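Q: The following block contains the structure, expressed as structure tokens.
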């Protein structure tokens with residue numbers, strides 16, 4: 001069914017957003033480029049927009 005595929009894609013997107021956020025947190029902790037701060041803030045907002053991220 002199409003809704004199962006849509007749910008799978010949403011979970012995959014949420015997992016990717018979480019993964020990117022974790023990577024940016026690592027860079028931020030290491031004191032990388034100041035632009036990482038802005039990218040991390042954007043990534044955290046993106047993750048917050050995925051209700052599926054709570055169950056990944």
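The values are calculated or read from the model by the stated rules, or taken from the named source; none is laboratory data. Computed from a prediction, not measured in an experiment: that's the story for all the values here. As a convention, Cβ positions derive from the backbone with ideal geometry for all residues, glycine included, and neighbour counts pool all protein chains shown.
Q: Can you find a residue that is part of a helix (DSSP H, G or I) and modelled with pLDDT of 80 or more anywhere in region 44-54?
A: We begin by selecting, within region 44-54, every residue part of a helix (DSSP H, G or I); these are 44-48, 51-54.
Applying the additional criterion that residues be modelled with pLDDT of 80 or more yields 44-45.
Taking every residue of region 44-54 in turn, at least one turns out to be part of a helix (DSSP H, G or I) and modelled with pLDDT of 80 or more.
Q: Taking the criterion of being surrounded by 17 or more Cβ atoms within 10 Å (Cβ to Cβ) and at pLDDT 75 or above, would at least one residue in region 10-17 satisfy it? Steps first, answer last, please.
A: The first filter runs over region 10-17 and keeps only residues surrounded by 17 or more Cβ atoms within 10 Å (Cβ to Cβ), leaving 14, 17.
Cutting the leftovers down to at pLDDT 75 or above gives us 14, 17.
Yes, because at least one residue in region 10-17 is surrounded by 17 or more Cβ atoms within 10 Å (Cβ to Cβ) and at pLDDT 75 or above.
Q: Related question: With respect to residue 33, determine if the residue is modelled with pLDDT under 85 and not in a helix (DSSP H, G or I).
A: Details: modelled with pLDDT under 85: yes; not in a helix (DSSP H, G or I): yes.
So residue 33 fits the description; yes.
Q: Give me the pairs: first residue in region 1-17 and in a helix (DSSP H, G or I), second residue surrounded by 12 or more Cβ atoms within 10 Å (Cβ to Cβ) and modelled with pLDDT of 75 or more, beta-carbon distance under 8 Å, and six or more apart or on different chains, which are they?
A: 14/47; 17/43; 17/46; 17/47
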